[in-house]
Amino acid sequence: MNNGRPLPSGSRFLASIFGAVVLSASLFAAQPCAARVVKFVVEQTSTFVGGAQWGKVGPYEMLRGTAYMQVDPLDPRDAGIVDVANAPRNTHGQVEFSTQFMILKPVDMSRSNRKIFYAVNNRGNNLEGLLTATTAAQVAGTDAGWAISKGYTIVDAGWEGDVIPTATKLVASLPRAQEANGDPITGLMRYEYSDRAAGSFTTNLEGTAGFLSYEAADTNTANATFTVSNSEYGAKTLVPSDHWAFGTCPTGQASLVPTTTDLCYFDGFDNTKIYELIYTAKNPIVMGLGFAATRDVASFLRYRAHDDAGNPNPIGTGTRRAYAAGGSQTGGFLRDYIYLGFNEDESGRQVFDGIMPWIAGTDRVFINVRFADPNTYSEQDRQHNYLQTSYPPFTYAIATDPISHIRDGILKRPRTDPLVMQVDSQSEFWQLHGSLNVVDGSGNPVPIPNNTRLYFVNNTAHAFISGSFLAPTPGTAALCSYGTPGSGLAWTTLRASLRNLDRWADGRREEEEHEDGNENGGRSPPDSNYPSVLNGTLVPLSEAAVAFPVIPQVSFPAVVDTYEQLDFGPLFNTQGGIISNQPSLNGASYTVLVPKTDATGIDLAGIHQIESRVPVGTSVGWNIRKPLHRGPNLCVLTGSYFPFANTEADRLATGDPRPSLQALYGTHDGFVEAVKQAARELVREGFLLREDADAEISAAEASSVLK
């Protein structure tokens with residue numbers, strides 16, 4: 001379906017979008033250095049948590065402002081950005097854009113460690129947790145809290161151009177593309193709606209109020225497709241064109257107000273159904289400039305003394321290292337950022353020494369796409385073949401994908417590629433195709449490069465927790481069958497990972513830079529610890545089901561998020577482009593594997609945080625939808641928690657095959673001793689800081705376990 005709109009000439013258009021990406025470094029060096037921050041304006045300065053002292057570093061302050069940037073659409077470093085050639089230009093032929101930023105820095109920069117920790121935001125959400133903190137203790141348990149105590153400068157800036165501005169968002173102001181004659185560019189757009197409130201009639205086209213929707217170029221419903229189905233894989237039934245409209249209608253058809261950015265369904269949504277809209281949209285945001293925004297803000301702060309207008313770099317000069325991290329959506333953003341070559345700045349310099357994608361699996365954000373939608377991600381039970389999703393290349397190493405026959409890798413620019421430390425939970429194997437990080441499409445192992453570490457935080461779900469592993473209380477989710485876990489990726493693990501990445505980068509650079517007094521004593525980080533087919537810890541779903549314990553009233557998942565070769569049309573490839581097939585055409589299936597557990601449900605592979613070394617229950621990275629809500633499909637990115645019985649008598653009464661707390665630890669003192677031992681092991685292995693180990697032991701002592 002293309003509603004009669006002709007697509008651009010394939011060969012000419014692909015050349016304009018992608019041709020520059022494969023040019024050599026020598027050609028890069030011959031081009032003008034135009035992409036840069038031209039004005040960096042600090043608009044507000046405030047004290048941080050009342051001027052609290054952070055060790056030897058002293059107090060911190062928060063800076064907020066706007067960075068104004070430009071790129072040359074003819075520069076090979078930026079010519080590969082989809083539609084940058086169709087964006088408005090200034091009198092010098094440059095494409096202008098801007099973004100909001102936040103910087104948390106020592107008041108006295110001479111006491112900093114001269115390193116940047118760039119915390120890339122998720123969906124525009126700024127460092128709100130830090131901003132709302134009123135005491136240093138509220139900050140201290142996070143990864144940023146540890147970085148602050150060590151003198152890092154914490155940075156974040158907007159990259160997503162469809163975020164509706166609020167006080168807690170960082171928004172990138174990105175141009176919209178248009179035809180050379182000024183006419184709007186149009187193209188197919190697809191949105192899916194599920195789990196809508198029963199009896200509701202209207203939504204913005206995006207489906208989420210916090211983001212802009214792409215305007216409908218044609219509001220005649222006969223020229224669009226609106227369908228309903230019972231499941232993601234069920235038959236789609238066409239909703240008659242006279243049963244819906246483009247517009248808002250809070251109480252139904254009688255309240256309809258026509259718009260170009262909303263949908264009104266006269267019959268009302270059924271929250272057990274899945275709805276899909278395909279329509280002709282107009283005015284695409286040049287969303288790929290979000291990568292340039294991250295690159296150029298970080299590069300300015302790292303390398304430049306002042307902007308073009310003479311405004312000084314607010315953190316001064318002499319920055320030694322820069323690291324970036326982001327979770328979930330922004331983990332995929334960082335994988336794409338590396339793959340597309342944005343870790344090289346306008347002067348050919350490396351921007352980030354190290355990058356940490358968290359809970360990303362093999363996801364890529366795919367903002368380098370016409371009509372990009374960074375907020376719609378693929379899962380087993382919804383938006384299954386949408387972007388953002390996995391797409392070859394999956395691995396950091398250059399490898400040949402046996403299904404698509406694409407030979408490529410995320411890391412392929414040795415001069416500017418960062419060190420990579422990816423940390424995933426169990427959920428990423430069930431929903432975000434995590435196994436494809438280490439196996440090809442046929443299930444054969446693919447090596448992990450020397451400049452990459454992959455870590456699996458076993459028995460965790462797609463979330464972060466702060467504080468002790470005993471502090472969170474297991475909860476519930478309305479659509480899911482099982483109690484939700486109190487565990488996720490602990491900030492303690494991520495804090496240790498940042499420490500390890502910093503040591504790694506210092507060790508890698510200290511010889512060439514002849515540094516003295518390196519307090520971290522540069523060294524290689526712990527080896528990768530990720531499920532593998534080579535040692536039997538990464539297996540097919542059927543084998544994982546046999547290994548998992550038969551817990552009373554618990555069903556092991558019958559499905560995993562599969563992956564099929566996706567065909568979005570001739571103007572789309574590994575780097576992005578234009579989607580002309582809506583929906584995509586699905587090709588051959590890939591082998592998707594999951595972690596194998598022991599008889600208690602604890603994953604064999606992984607770092608094993610304290611909660612899986614000294615378990616009080618079985619946490620997993622999957623949950624199952626309730627029968628009335630499309631069960632037994634997977635329940636989004638939610639995990640489950642199944643507590644152990646307290647005593648052997650309780651265990652025998654329920655028929656639970658797993659050991660009781662009494663059998664495992666005997667007494668409360670036995671539990672505390674087990675925690676002490678686990679904490680010592682994790683410190684020795686490099687996955688827990690000593691101060692965090694002490695906090696975990698104190699929490700165990702204060703707990704009610706076996707009291």
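The values are calculated or read from the model by the stated rules, or taken from the named source; none is laboratory data. Every value quoted in this text rests on a predicted model; they were computed, and no experiment measured them. Please note: Cβ atoms are built from the backbone with ideal geometry, for glycine as well, and neighbour counts cover all protein chains shown. Quick note on the areas: whole protein, heavy atoms, side chains included, nothing else; ligands and nucleic acids left out. Shrake-Rupley method; radii C 1.70, N 1.55, O 1.52, S 1.80 Å.
Classify the chain as rounded, prolate or oblate from the Cα gyration tensor: take a ≥ b ≥ c as the square roots of its eigenvalues, call it rounded if a/c is under 1.5, otherwise prolate when a/b beats b/c and oblate if not. It comes out oblate by the Cα gyration axes. Here the accessible area is traced with a 1.4 Å probe on the protein chains. For the stretch 617-707, carbon and sulfur cover 54 percent of it.
Expressed as a whole percent, the accessible surface of the stretch 318-440 that belongs to carbon and sulfur atoms is 49, based on a 1.4 Å probe.
Here the stretch 298-325 and the stretch 187-231 have alpha carbon centers that stand 42 Å from each other. Amide hydrogen proximity for residue 371: with H placed 1.01 Å from N in the peptide plane, the residues at 5 or more positions away or on another chain lying under 5 Å are 285. A DSSP coil position with no more than 11 other Cβ atoms inside 10 Å describes none of the GluC sites (Glu not before Pro) in the stretch 330-400.
Between the stretch 526-555 and the stretch 243-296, how many Å separate their Cα centres? About 40 Å separates the Cα centre of the stretch 526-555 from the one of the stretch 243-296.
Once C-alpha pairs closer than 8 Å and six or more residues apart are averaged by separation and normalised to the residue number of the stretch 319-362, the relative contact order reads 57 percent. Rounded to the nearest 10 square angstrom, residue 174 shows an accessible area of 20 square angstrom against a 1.4 Å probe. Assign one of three labels to the stretch 153-242, namely rounded, prolate or oblate, based on the Cα gyration tensor with a ≥ b ≥ c the square roots of its eigenvalues; rounded applies when a/c is under 1.5, prolate when it is not and a/b is larger than b/c, and oblate otherwise. Judged from the Cα gyration tensor, the stretch 153-242 comes out oblate (a/c at least 1.5, b/c at or above a/b). For the stretch 620-707, the alpha-carbon coordinates run over 46, 34, 21 Å along the three principal axes, in decreasing order. With both residues required to sit in the chain, DSSP beta bridges show an antiparallel share near 75%. With Cα atoms as the point set, the stretch 361-402 shows a radius of gyration and Dmax of 11.4, 31 Å.
Return the calculated 222 nm mean residue ellipticity for the chain, to the nearest 500 deg cm²/dmol, obtained by summing -39500 (n - 2.57) across DSSP H runs with n ≥ 4 and dividing by the residue count. Can you show the working numbers first?
Values: 15 runs with 138 residues, N = 707.
About -5500 deg cm²/dmol.
Among the trypsin sites (Lys or Arg not before Pro) in the stretch 362-466, those placed in a DSSP loop whose Cβ has at most 11 other Cβ atoms within 10 Å are 415. The overall shape of the stretch 96-226, judged from the alpha-carbon gyration tensor, is oblate: a/c is not under 1.5, and a/b is no greater than b/c.
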